[in-house]
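**Student:** Would you mind keeping the following structure in view while I ask a few things?
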2 protein chains.
Amino acid sequence: MSEYQIMVKKFGGTSVGSIERIEAVADRLVSDYHNGQRPVVVASAMSGETNRLVNLANDINPRYRGPAYDMLLASGEQVSISLLSIALEKRGVKARPMLAYQLGILTDSLHSKAKIHSIKTDKLRGLVDEGIIPIIAGFQGMSEEQMITTLGRGGSDTSAVAIAAAMELDTCEIYTDVPAVCSADPRLVKKASELTELSFSEMMEMASLGSRVLHHRCVELAAKYKVKLHVRSTFETREGTWIMREEDRLENPVVTAVTHDASTVIIRLLNLPLGTEVLSTIFTALAEGEVMIDIIGQGQANEFQRLSFSITEEDLHRTLDICKNVLGNEVDVAYDKDVAKIAVVGVGMRNHPGVAAKFFQSIHEHKIPIHLVTTSDISISAVIGREKLQDAATSLHQSFGLDQD
Amino acid sequence: MSEYQIMVKKFGGTSVGSIERIEAVADRLVSDYHNGQRPVVVASAMSGETNRLVNLANDINPRYRGPAYDMLLASGEQVSISLLSIALEKRGVKARPMLAYQLGILTDSLHSKAKIHSIKTDKLRGLVDEGIIPIIAGFQGMSEEQMITTLGRGGSDTSAVAIAAAMELDTCEIYTDVPAVCSADPRLVKKASELTELSFSEMMEMASLGSRVLHHRCVELAAKYKVKLHVRSTFETREGTWIMREEDRLENPVVTAVTHDASTVIIRLLNLPLGTEVLSTIFTALAEGEVMIDIIGQGQANEFQRLSFSITEEDLHRTLDICKNVLGNEVDVAYDKDVAKIAVVGVGMRNHPGVAAKFFQSIHEHKIPIHLVTTSDISISAVIGREKLQDAATSLHQSFGLDQD
């Protein structure tokens, strides 16, 4: 084994969002390097750049998501890794910018949402052994046909974890613009606190329920390959949040965090014919249209049944189109945008009864009407009126003992 | 042989400078395609993009021109070829954006000024046979070490000619924002006319003497591989200027064009010690500093010698630094920016005496002082006062019978 410590470090778009920030990241890497680390860097595109490129593509054809779209988007990371390499070379540290094809990040051929098949590590290890810092373009891969692919939302985090896993490392650092994962969004809940530890399953649940710190897929991969994630600030040196296996954690609190998603919409179909055939038809059509269904509620009244379900706002127009296509004009399709989803998450609730009781008590005390409810083994979520979101979050945060002193 | 006509078509930065222009280029390509052509497209970066990227790099380190610089700049063409491909796919024509490594454009490892060694054409021919339009990133290549390289100024034109040569084609179309190569810059000489034909050697001479339509290297390559160049407008359908071998031309006029370069500077060293050693020392140091020396004049006065030479303005500060380093404080280094170079070019002058006489008569009639003069077998050039540039150009254009009716 080598004497130095290899560490995969992923820097997000805001961390490399300007020349000044790129220079600051370079300073930090040089300091880590001189302190005995051997960084393997994964970078996102400069903040705003991917959106700029998406807009250019959409100006021509918003529906096209084939190979040329992926080649277009992949140019964003090519720029940021080149600049970061130039900044490191200026500081007298050798750096090597690497695109997916140069490193050997092989994926399937599903353009704009490819999955990583394998990563070659021999070249990477060779560079590290020579004292060169590899600066790898996140978010991109190469298909068997030698075409550039991209990994979809949260892609650079996924790249970083996959590289750490391929190098058989037990940790991966995710540098971002927040100092840690919090027990609730501090903009919503004043007494929110920074979490020092979190389990993979909680982080995945939080990502599904609206937390935007890490994407579900990256955490899933980290859990699968037992790569601890360290989410921390690019702009501060103190530690942030460690995300790890439940069994490695000292303590698993009943509830770890309150999560919300303000971009929720409820769709209501009030006069559906009875029977399960129509339900199957609707959800099949929505699945084919790639609409993510969140919580479903169903009830019966006389000769009709009612169906309501929540989706994210960006899928709203597509969902309405599909419902009208499938159901024709006889069924009333209504939607409500003034809602939000609130949830509590914690692996400890598996062994603690009474969490649901406390959840509903807390909501009830504030007279907050609930539209839809669902539970998993480690979460309870509800769709409520959006104007009550802050009350609900603050109340739940307090009830479950998460308030900071 | 196949029935269709394969044609390499190069589009410059202004031709793909906006979404509207990219859509217009796509329309044109689709029309060519349906008229029986099989286009092989080479594109530059969107106008302004390469400068934006150069500025980002310079903000970190203006002296760095290594591999990361080339990777950075190469992203510009990656964007334009992706967008052009999306625009073609929208029109129902299959397109394949191709980067240098995907096509197999192999170069040496001289980053930021690499030279092409070889181009693989099997993949290209396969695509064309399938009816797919290859959209190739100009300006870039790949070194043996699998690093991205760039070809320096005029690189995309060079890429296009090299691809046409590798495919053994006899023509290459260069689409640009002017309709043709002119007998003089129309902004300077009102009676300038569009040239229908030009020889390779004339075009190379014009490029060396200040014409910016095509880079010297691209014409040199075209001459070597006997690839006729057709310079024409992206925005009009009529033909432009054909650049070809002298022996293929119907007629070779004595003088074909008047060329100028307003970014000329004269350096004057007035009190150099006698002898050739000091001259050798100066020019060796300037060559090592990559200063391009243009015209040289030298004379003797008592115990000193005078040296003057012209350079382009962008090399001025470097030149002054080098002269001071080499010569110390005893030699006076002066420079004059208020000058310009004017030249007449024509392969016919090889067989026609009296061209120099007519050149100097024309200059003399307008009482234009001459600072430096030089000739080649197909050109006569002089550095004159910049304020006299228009007079000189207009007068020479008229004297050599180039005025449009």
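The values are calculated or read from the model by the stated rules, or taken from the named source; none is laboratory data. For clarity, every value in this text was computed on a predicted model and none was experimentally measured. Here the Cβ positions follow ideal geometry from the backbone for every residue, glycine too, while neighbour counts run over all protein chains shown.
**Student:** Of the residues that sit in the range A:357-384 and are in contact with a strand residue (DSSP E or B) (Cβ under 6 Å, 6 or more places away or on another chain) and small (Gly, Ala, Ser), which one is farthest from A:TYR335 (Cα to Cα)?
**Tutor:** For the range A:357-384, the residue satisfying everything is A:SER379.
**Student:** Filter the range A:168-218 for residues that are of a type in the set (Phe, Trp, Tyr) and either without any contact (Cβ under 8 Å) to a residue 40 or more places away in the chain or under 20 Å from A:ARG249 (Cβ atoms) (or both) and give the result.
**Tutor:** A:PHE200 - this is the single residue of the range A:168-218 that is of a type in the set (Phe, Trp, Tyr) and either without any contact (Cβ under 8 Å) to a residue 40 or more places away in the chain or under 20 Å from A:ARG249 (Cβ atoms) (or both).
**Student:** I'm trying to understand the selection: among the residues of the range B:40-83, which are among the β-branched types (Val, Ile, Thr), within 10 Å of chain A (Cβ to nearest Cβ) and over 23 Å from A:SER18 (Cβ atoms)?
**Tutor:** B:ILE81
**Student:** Suppose we keep only residues that are in a strand (DSSP E or B) and of a type in the set (Val, Ile, Thr) within the range A:293-312. Which one would you say is farthest from A:GLY275 (Cα to Cα)? Before you say what the answer is, go through the steps one by one.
**Tutor:** Start the filter on the range A:293-312 by keeping residues that are in a strand (DSSP E or B), which leaves A:296-301, A:304-312.
Filter again for of a type in the set (Val, Ile, Thr), leaving A:296, A:311-312.
Details: A:ILE296: 16, A:ILE311: 23, A:THR312: 27 Å.
Out of the qualifying residues, it is A:THR312.
**Student:** Looking at B:LEU110, B:LEU103 in this structure, which one is more than 10 Å from every other protein chain (Cβ to nearest Cβ), under 24 Å from the mean Cα position of the chain (by Cα) and among the aliphatic types (A, V, I, L, M)?
**Tutor:** Result of the check over B:LEU110, B:LEU103: B:LEU110.
**Student:** Answer yes or no: is there a residue in the range A:254-265 that is loosely packed, with under 13 Cβ neighbours inside 10 Å and either out of contact with any Lys or Arg (no Cβ under 9 Å at 6 or more places or on another chain) or farther than 30 Å from A:GLY348 by Cα (or both).
**Tutor:** There is no residue in the range A:254-265 that is loosely packed, with under 13 Cβ neighbours inside 10 Å and either out of contact with any Lys or Arg (no Cβ under 9 Å at 6 or more places or on another chain) or farther than 30 Å from A:GLY348 by Cα (or both).
**Student:** Further question: If you check every pair at least six apart or on different chains, which have Cβ atoms under 7 Å apart with a residue in the range B:84-96 that is more than 8 Å from every other protein chain (Cβ to nearest Cβ) first and a residue that is assigned to a loop (DSSP other than H, G, I, E, B) and surrounded by 24 or more Cβ atoms within 10 Å (Cβ to Cβ) second?
**Tutor:** Final answer for the pair search is B:LEU84/B:VAL16.
**Student:** Considering every residue within the range B:378-386, establish whether at least one is among the small types (Gly, Ala, Ser) and in contact with a helix residue (DSSP H, G or I) (Cβ under 6 Å, 6 or more places away or on another chain).
**Tutor:** Here is the first cut: in the range B:378-386, the residues among the small types (Gly, Ala, Ser) are B:379, B:381-382, B:385.
So of that shortlist, the ones also in contact with a helix residue (DSSP H, G or I) (Cβ under 6 Å, 6 or more places away or on another chain) come out as B:379.
Yes: the range B:378-386 contains one or more residues that are among the small types (Gly, Ala, Ser) and in contact with a helix residue (DSSP H, G or I) (Cβ under 6 Å, 6 or more places away or on another chain).
**Student:** Just for the range A:1-39: of the residues that are among the small types (Gly, Ala, Ser) and within 13 Å of chain B (Cβ to nearest Cβ), which one is nearest to A:VAL128 (Cα to Cα)?
**Tutor:** A:ALA26
**Student:** Pick from the range A:367-395 the residues that are in contact (Cβ under 8 Å) with a residue 40 or more places away in the chain, over 23 Å from the mean Cα position of the chain (by Cα) and farther than 11 Å from A:LYS341 by Cα: which of them is surrounded by the most Cβ atoms within 10 Å (Cβ to Cβ)?
**Tutor:** Checking each candidate, the answer is A:THR394.
To keep it simple, each residue is scored yes or no on (1) buried (at least 21 other Cβ atoms within 10 Å of the Cβ); (2) under 20 Å from A:MET46 (Cβ atoms); (3) in contact with a helix residue (DSSP H, G or I) (Cβ under 8 Å, 6 or more places away or on another chain).
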{"residue": "A:LEU84", "(1), (2), (3)": "yes, yes, yes"}
{"residue": "A:ARG91", "(1), (2), (3)": "no, yes, yes"}
{"residue": "A:ALA95", "(1), (2), (3)": "yes, yes, yes"}
{"residue": "A:LEU106", "(1), (2), (3)": "no, no, no"}
{"residue": "A:SER143", "(1), (2), (3)": "no, no, no"}
{"residue": "A:GLY155", "(1), (2), (3)": "yes, yes, no"}
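**Student:** Hey, another quick one. Which residues, taken from the range A:50-65, are more than 17 Å from A:GLY138 (Cα to Cα) and touching a Ser or Thr at 6+ places or on another chain (Cβ under 8 Å)?
**Tutor:** A:ALA57, A:ARG65
**Student:** Something else now. Among the residues of the range B:33-75, which ones are in contact (Cβ under 8 Å) with a residue 60 or more places away in the chain and of a type in the set (Lys, Arg)?
**Tutor:** Scanning the range B:33-75 gives a single hit, B:ARG38.
**Student:** If you go through the range A:202-230, how many residues are of a type outside the set (D, E, K, R) and farther than 24 Å from A:SER395 by Cα?
**Tutor:** Quick first cut of the range A:202-230, residues of a type outside the set (D, E, K, R) only: A:203-204, A:206-211, A:213-216, A:218-219, A:221-223, A:225, A:227, A:229-230.
Filter once more, so that each one left must be farther than 24 Å from A:SER395 by Cα: A:214-216, A:218-219, A:221-223, A:225, A:227, A:229-230.
Counting residues in the range A:202-230 that are of a type outside the set (D, E, K, R) and farther than 24 Å from A:SER395 by Cα gives 12.
**Student:** Further, regarding this structure: Listed residues A:ILE148, A:ILE133; which is at pLDDT 95 or above, more than 10 Å from chain B (Cβ to nearest Cβ) and in contact with a helix residue (DSSP H, G or I) (Cβ under 9 Å, 6 or more places away or on another chain)?
**Tutor:** None of the other options fit; the residue is A:ILE133.
**Student:** For residues in the range B:313-325 being at pLDDT 90 or above and surrounded by fewer than 17 Cβ atoms within 10 Å (Cβ to Cβ), which is farthest from B:ASN271 (Cα to Cα)?
**Tutor:** B:GLU313
**Student:** Right, something else. Of the residues A:PHE139, A:PHE200, which single one is within 21 Å of A:ARG21 (Cα to Cα) and buried (at least 19 other Cβ atoms within 10 Å of the Cβ)?
**Tutor:** Of A:PHE139, A:PHE200, the one residue that is within 21 Å of A:ARG21 (Cα to Cα) and buried (at least 19 other Cβ atoms within 10 Å of the Cβ) is A:PHE139.
**Student:** Working only within the range B:1-17, note down all residues that are modelled with pLDDT of 95 or more and either in a helix (DSSP H, G or I) or loosely packed, with under 14 Cβ neighbours inside 10 Å (or both).
**Tutor:** none
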